[in-house]
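The values are calculated or read from the model by the stated rules, or taken from the named source; none is laboratory data. Because the structure is a prediction, the values reported are computed rather than measured. Note: ideal-geometry Cβ built from the backbone for every residue, glycine included; neighbour counts use all protein chains shown.
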Amino acid sequence: MSLYSEKVMDHFKHPRNVGIIEDADGIGEVGNAKCGDIMKMYIKVQDGILVDVKFETFGCGSAIASSSMATEMIKGKPLEEALTLTNRAVTEALGGLPAYKLHCSVLAEQAVQAAILDYYTKNNIPYDPSKFKDALCAHEHEHEHDEGEEE
């Protein structure tokens, strides 16, 4: 019996939406210091709709599959709907992940939030910070880690 579902393996072996959007409207980058996974999400927005989404992920198969699935789930959706994407929804869409790999789906959720937050910030669009709690938390931890490294 495999630890990974067929969907996880498919998104790992054949990831969707891999790459860079050169003129991205928003970019979100998040990472997990414990496992070393890094996700970078690029979004293109037109009339409040995510018309294109791409990602680059440095990490394990679960991280790549989670990134791929997340982009599939939000592409073509309004920004407000994309913000409702949860790590649980990504995990369920993948047919499940082992418990010790659930952090990969959390990174996907945070990367989406971070890219949308970047878009809102660049365009001076007011937003409800509570909708970005995971991305803001990840951003704060990243800077705490950076400060510790300067010693």
For region 34-55, the count of residues that are acidic (Asp, Glu) and loosely packed, with under 15 Cβ neighbours inside 10 Å equals 1
Scan region 40-89 residue by residue and report those that are farther than 23 Å from residue 8 by Cβ and either part of a helix (DSSP H, G or I) or under 10 Å from the mean Cα position of the chain (by Cα) (or both). 79, 80, 81
Hits in region 1-20 - residues which are at pLDDT 95 or above, in a loop (DSSP other than H, G, I, E, B) and surrounded by fewer than 18 Cβ atoms within 10 Å (Cβ to Cβ): 14, 16, 19, 20
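Within region 21-33, restricting attention to residues that are assigned to a loop (DSSP other than H, G, I, E, B) and not acidic (Asp, Glu), which residue is surrounded by the fewest Cβ atoms within 10 Å (Cβ to Cβ)? Walk me through it before giving the result.
To start, the set of residues in region 21-33 that are assigned to a loop (DSSP other than H, G, I, E, B) comprises 21-25, 32-33.
Restricting the remaining residues to those that are not acidic (Asp, Glu) gives 21, 24, 32-33.
Details: 21: 18, 24: 21, 32: 18, 33: 10.
Step by step, filter region 21-33, then rank; the result is 33.
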Verdict on residue 130 being among the polar types (S, T, N, Q), part of a helix (DSSP H, G or I) and under 20 Å from residue 10 (Cα atoms): no
List pairs: first residue in region 92-117 and more than 10 Å from residue 63 (Cα to Cα) and in contact (Cβ under 8 Å) with a residue 60 or more places away in the chain, second residue among the charged types (D, E, K, R) and in a loop (DSSP other than H, G, I, E, B) anywhere in the structure, Cβ distance under 7 angstrom, at least six positions apart or on different chains. none
Determine whether region 98-113 contains at least one residue that is surrounded by fewer than 18 Cβ atoms within 10 Å (Cβ to Cβ), part of a helix (DSSP H, G or I) and hydroxyl-bearing (Ser, Thr, Tyr). yes
